Amino acid sequence: MKKVDERLCRQQLVEYGKTLLELGLVQGTWGNMSVRISENYMMTTPSGLDYNTATLQDMVKVDIKTLTYGNGRKPTSEKSLHGGIYELRPEVGAVIHTHSKYCSIFGAAQKPLQVIDEELKKLTGELIYVSEYAVSGTKALTKNAIKALAGRPGCILANHGMIACGKDLEEALAVCIAMESAAAQYIEARYK
Amino acid sequence: MNSQAISKYAKLMSELGYFSGGGRLLWKENKRIYATRQDVDLNRISDEDIEDLTEWDITEKKAFDACKNMKAMVVARPPYCMECIKRNFELTASLEDMTQIIGYKVTVTPMRERELVKAFRRATGVFVSEGEGCAITVGRNPYEAYVAMTVLEKNAEVNLKAEVLGGAVKLSPVISMIERLVYVNKYSKTERKRKDEEG
């Protein structure tokens with residue numbers, strides 16, 4: 001795999017973090033993202049830092065297999081989830097995890113989402129699966145999330161949020177937005 | 001406390017529509033309790049809009065005073081919280097962000113000091129049913145109280161709209177308690193350090 005420029009990855013994570021905030025897909029320090037920089041390493045957002053104030057230096061380089069990192073900031077507490085996806089899905093170059101509202105409704109109800117809109121389906125697939133519940137930051141969550149993802153671009157995490165994958169952050173964000181839009185369409189058509 | 005922090009979060013919540021029908025922010029500073037005046041525009045707070053409540057006999061101020069670790073309180077009327085209050089609907093955590101940031105359950109109580117203090121022992125948010133009703137959150141700094149209110153409103157909306165799918169599945173109370181403890185003692189530390197510096 002061609003090695004990606006680390007500084008560029010850091011810059012992208014800063015920019016996309018702000019974008020997620022602007023789009024209302026994350027709040028404050030919640031949600032996290034990563035980019036694969038090589039076969040063995042990923043760059044992740046840090047734990048507990050507001051996307052409005054995070055800088056390039058705050059992003060964390062993490063070993064995909066061992067999940068070890070350097071002496072600076074701590075990476076996202078969901079690093080295991082990101083690493084697990086990269087290990088099993090070599091075509092995935094970026095992962096976004098959010099607690100966005102409408103996907104969270106499906107997560108809270110532990111129900112999958114049937115996508116009706118044809119344009120959205122091109123990005124999300126016809127059915128977005130929901131994982132079995134597991135506590136955040138645990139290996140069980142990683143295992144359940146990967147099972148729900150299978151070869152698909154996204155899934156909903158039970159009682160938690162959602163994951164979107166892509167070959168890069170641009171594609172992952174497009175999937176993320178499409179999933180949230182599909183969920184919103186379904187709920188708002190039925191809620192009185 | 002930096003009044004800019006108070007203004008910043010008041011403005012953010014005002015823009016989210018949390019103060020339609022009124023609201024206020026309270027905070028502790030140098031052993032005094034301050035608050036935004038009732039009926040001010042929380043979108044643009046000035047020094048004239050702040051009053052010292054320390055000697056006042058107001059229920060929410062007394063309850064806030066009793067919460068020793070909490071330095072900020074938000075009283076607001078976000079729409080889905082108000083819908084829960086109207087339905088006398090206790091909110092039980094079905095999402096991890098609620099259980100970590102607020103606690104397992106948000107109860108509906110009258111505006112009485114004893115009930116509010118009891119509720120705040122278990123969660124950082126409460127629904128008040130008296131009069132027009134309101135939602136109240138507390139935090140160790142204004143940022144935490146603000147985040148608690150946004151998470152409370154989001155979870156109120158999620159739980160109400162999950163009825164379309166057959167209802168939300170509640171988290172286990174034991175796991176919720178553990179998650180809340182881990183969050184308070186571990187994951188919120190970096191956030192808190194930065195946001196305490198703000199105030």
Query raised in the report: Which Rg and Dmax, in Å, describe the Cα atoms of segment A:1-43?
Result: 11.8, 34
Query raised in the report: So what is Rg over Rh here for segment B:141-190, counting just Cα atoms and using Kirkwood for Rh?
Result: 1.06
Query - Along principal axes, Cα extents of segment B:5-104, largest first, whole Å - result: 40, 29, 23
Query raised in the report: Ranked by Cβ crowding within 10 angstrom, fewest neighbours first, how are B:Met111, B:Met13, A:Met33 ordered?
Result: B:Met111, B:Met13, A:Met33
Requested in this report: Provide, in order from the shortest bin, the percent of all Cα-Cα pairs of segment B:1-60 in each 5 Å bin, continuing until the bin that contains the maximum pair distance.
Outcome: 4, 18, 32, 24, 16, 6, 1
Query - Helix B:173-182 axis, angle to chain B major axis (alpha carbon atoms, nearest 10°) - result: 40 degrees
Report summary line: Applied in sequence order to segment A:20-25, the curve 6.51 cos²θ - 1.76 cosθ + 1.60 (Karplus, θ = phi - 60°) yields integer Hz couplings, x standing for Gly and Pro, of 4, 5, 4, 7, x, 7
Query raised in the report: With labels modelled as points extended 7 Å from the Cα through the Cβ direction, what inter-label distance (nm, one decimal) is found for A:Ser38 paired with B:Asn43?
Result: 5.2 nm
Requested in this report: For segment A:1-139, compute the number of Lys pairs whose alpha carbons are separated by less than 12 Å, excluding pairs fewer than 8 positions apart on the same chain.
Outcome: 4
Report task. Give the dimensionless ratio obtained when the Cα radius of gyration of segment A:18-94 is divided by 2.2 N^0.38 Å. Result -> 1.06
Report task. Per residue, how big is the convex hull around the C-alpha atoms of segment A:54-192? Give it to me in cubic angstrom, could you? Result -> 109 Å³
Report summary line: In whole µm²/s, the translational diffusion coefficient that Stokes-Einstein assigns to segment B:81-147, given a Kirkwood hydrodynamic radius over C-alpha pairs, 25 °C and 0.890 mPa s, equals 205 µm²/s
Report summary line: Kirkwood calc, the protein assembly as shown, C-alpha pairs only, radius in angstrom 21.5 Å
Query raised in the report: All other residues with a Cβ under 13 Å from the Cβ of B:Ala10 taken together, and with Lys, Arg as +1 and Asp, Glu as -1, what is their net charge?
Result: +2
Report summary line: Cα-based Debye curve of segment A:124-171 sampled at q = 0.17, 0.31 Å⁻¹ gives log₁₀ I(q)/I(0) of -0.46, -1.16
Report summary line: Expressed in Å to one decimal, the Kirkwood Rh of segment B:36-79 from all distinct alpha-carbon pairs is 12.1 Å
Requested in this report: Would you compute the Debye intensity of segment A:106-186 from its alpha-carbon atoms alone, equal scatterers and no solvent, and pass along log10 I(q)/I(0) at q = 0.11 Å⁻¹ to two decimals?
Outcome: -0.25
Query - For segment B:1-76: relative contact order, % (alpha-carbon pairs under 8 angstrom, 6 or more apart) - result: 34 percent
Query raised in the report: Thinking of chain B as a set of Cα atoms, what percent of all their pairs are more than 26 Å apart?
Result: 27 percent
**Report entry** Amide H partners (placed H, <5 Å) of B:Thr109, local residues excluded
**Finding:** B:Phe127, B:Val128, B:Ser129
**Report entry** Pairs of alpha carbons in segment A:147-192 whose separation is greater than 17 Å (percent)
**Finding:** 39 percent
Report summary line: The FRET efficiency for A:Lys65 and A:Ala189, from their Cβ-Cβ distance with R0 = 25 Å and rounded to 0.05, is 0.05
Requested in this report: May I ask you to sort A:Ser100, B:Ser7 by Cβ crowding, counting other Cβ atoms within 10 Å and putting the fewest first?
Outcome: B:Ser7, A:Ser100
Report summary line: Residues A:Trp30, B:Trp56 in order from fewest to most other beta-carbon atoms within 10 Å are B:Trp56, A:Trp30
Query raised in the report: Between A:Lys122 and A:Thr53, what FRET efficiency follows from the Cβ-Cβ distance if R0 is 35 Å, with the result rounded to 0.05?
Result: 0.50
Requested in this report: With 5 Å bins from zero, work out the P(r) of segment A:97-136 over every alpha carbon pair and list the percent per bin.
Outcome: 6, 22, 25, 29, 12, 4, 1
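Read-outs throughout are calculated quantities, based only on the coordinates presented, and are distinct from any laboratory measurement. If you're wondering where the values come from, they're calculated on a predicted model, not measured in any experiment. Heads up, the Cβs are rebuilt from the backbone with ideal geometry, glycines too, and the neighbour counts pull from every protein chain shown.
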